[in-house]
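Student: Sharing a structure here in structure tokens format.
Computed from the coordinates by the stated procedures, all read-outs in this text should not be read as laboratory data. On a predicted model such as this, the values are computed, not experimentally measured, just so you know. Note: ideal-geometry Cβ built from the backbone for every residue, glycine included; neighbour counts use all protein chains shown.
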Amino acid sequence: MNEMNIAELLADQLEKLLSARVNAESLAILEAGGADLSLWQEIEEMGVADVMRTGADDAGLGWQDCAELFRVLGRHAAPLPLAETLFARRLMSQANLDIPEGPLALIDPSANADIQLDATGCLQGEAAMVSWASWATQLLGLARRGDEAFLFSVAASDVAARLEKCDSLERAPTSAVDFSGITPLAVVAMSDASQIRSGLAVMRALMISGACDKVVELAVDYANTRKQFGKPIGKFQALQHQLAEASCRAAAAEMAGKYACRELDNNQFLAGAAVAKYTASVAAKDVSRIGHQVFGAIGITDEHELHYYTRRLWQWRAEAGNERYWSEQLGNKILAAGSEQLWSSLTA
């Protein structure tokens, strides 16, 4: 069985599992502070969380292979940190670090995280928002010392007393974490620290594209069943235009995410991530807006499932750099290359 068949099989298995186990009720339980650890255990037993590890005995699937896994997680608003764990285990295996069992939390460098590594080997600083920190066995992040960048891991037990619960739009377990004085379990120098932010951006872009698909699916279904003036509202041309725009945005986010996966697999970290996260963030804004316009008042009620996806779209839009951040990064890259490289950069 080749790598693509393995990836497709795992994505299909994950789709079936989440379809059976995740619904509005289970998401409400998570947001109220509950935790379905049995779902995590089932996923661990499937082996999904390890497929991006790059060791000699690992599957070593690349970003292109795993794109649909991330999209499935977004489509179901998966109530567990599988996406973060997939990427974190990949980073740890590439750095030859010991990989623990259980879920991992990734510190987003763009989320007001200013963490330094001092001369004694201790961390200094804090991260304002770390998703799933209270679930994790270890936290993985980026620390700096002057011009140098380091990948570090910290045992969750070492910072458990320092977790300060904070609110997020997706209402997943999120904490501010003070790392000052903590000695990390491992520290590895990174030659190119941009791969962390770029990887996080592509991960979120793929999840956004999956969640956009779900919102479009819900909106189309509602438009075909809700009747006004004697016919389904989906028959009105104005609404058809809105749904078509949402579908186009969702498709663009998917294609941009898959393009970025190819770039990451080729160790090109900036351009693909910029295109994907910019496109996905714009899609998150427009698709959520159109979804709520189609549903009207019922779509903003807690009883309806729409908000579980649109709130995550708003959250993920801001994480790992929003559309403004990535458009500036892409623009600066093109300007630095000079006018003679403009056409080739657009058509490559």
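Student: Can you give me the relative contact order of region 192-348 as a percent, contacts being Cα pairs under 8 Å and 6 or more apart? If you can, show how the numbers build up before the last one.
Tutor: Values: 209 pairs, mean separation 47.9, N = 157.
Relative contact order of region 192-348: 31 percent.
Student: Go through 29-41, 151-163, 134-146 and give me the packing order, highest mean Cβ count within 10 Å leading. Display every interim value, and only then the final one.
Tutor: Values: 29-41: 13.5, 151-163: 17.7, 134-146: 20.7.
The densest-packed peptide leads the list: 134-146, 151-163, 29-41.
Student: State the percent of C-alpha pairs, over all pairs in region 44-200, separated by a distance greater than 29 angstrom. Intermediate results must be reported in sequence, preceding the final value.
Tutor: On the way: 1699 of 12246 pairs.
Cα-Cα pairs of region 44-200 separated by over 29 Å account for 14 percent.
Student: Mind ranking 330-337, 259-266, 183-190, 66-73 by how tightly packed they are, going by the mean number of other C-beta atoms within 10 angstrom, highest first?
Tutor: On the way: 330-337: 12.5, 259-266: 19.4, 183-190: 16.5, 66-73: 25.0.
With the highest mean Cβ count within 10 Å placed first, the list reads 66-73, 259-266, 183-190, 330-337.
Student: Stokes-Einstein at 25 °C, 0.890 mPa s, Kirkwood radius from Cα pairs: D for the chain in µm² s⁻¹? Walk me through the numbers before you get to the answer.
Tutor: On the way: Rh = 20.9 Å.
In µm²/s, the coefficient rounds to 117.
Student: A further question on this structure: Assigning unit charges at the beta carbon (Lys, Arg +1; Asp, Glu -1) and nothing else, what dipole magnitude in debye, to the nearest 20, does region 9-126 show about its Cα centre? Provide the component values of the computation, followed by the final result.
Tutor: On the way: 7 positive and 20 negative charges, 57 e Å.
Dipole of region 9-126, to the nearest 20 debye: 280 debye.
Student: Using a Cα-Cα cut-off of under 20 Å, which lysines could be cross-linked to residue 277, ignoring same-chain neighbours fewer than 8 residues away?
Tutor: Partners within reach: 214, 258, 285, 333.
Student: Something else now. Of the listed peptides 203-211, 280-288, 100-108, what is their order by residue-averaged count of other C-beta atoms within 10 Å, with the highest listed first? Present the calculation step by step, with values, prior to reporting the outcome.
Tutor: Working: 203-211: 30.3, 280-288: 25.6, 100-108: 21.6.
Result, highest mean first: 203-211, 280-288, 100-108.
Student: Between 0 and 90 degrees, rounded to the nearest ten: what's the tilt of helix 237-265 against the longest Cα principal axis of the chain?
Tutor: Taking the Cα atoms of the chain, the angle to 237-265 is about 20 degrees.
Student: Using only Cα atoms, find the angle between the long axis of helix 271-295 and the longest principal axis of the chain, and express it within 0 to 90 degrees, rounded to the nearest 10.
Tutor: For helix 271-295, the angle is close to 40 degrees.
Student: Also, quick follow-up: Apply the Debye scattering formula to region 104-191, with a single equal point scatterer on each alpha-carbon and no solvent, then give log10 I(q)/I(0) at q = 0.11, 0.13, 0.20 Å⁻¹.
Tutor: Calculated log10 I(q)/I(0) at the listed q: -0.26, -0.36, -0.84.
Student: Follow-up question, since we're still on this one. Would you give the gap between the C-alpha center of region 200-248 and the C-alpha center of region 279-316, rounded to a whole Å?
Tutor: A separation of 10 Å, based on Cα centres.
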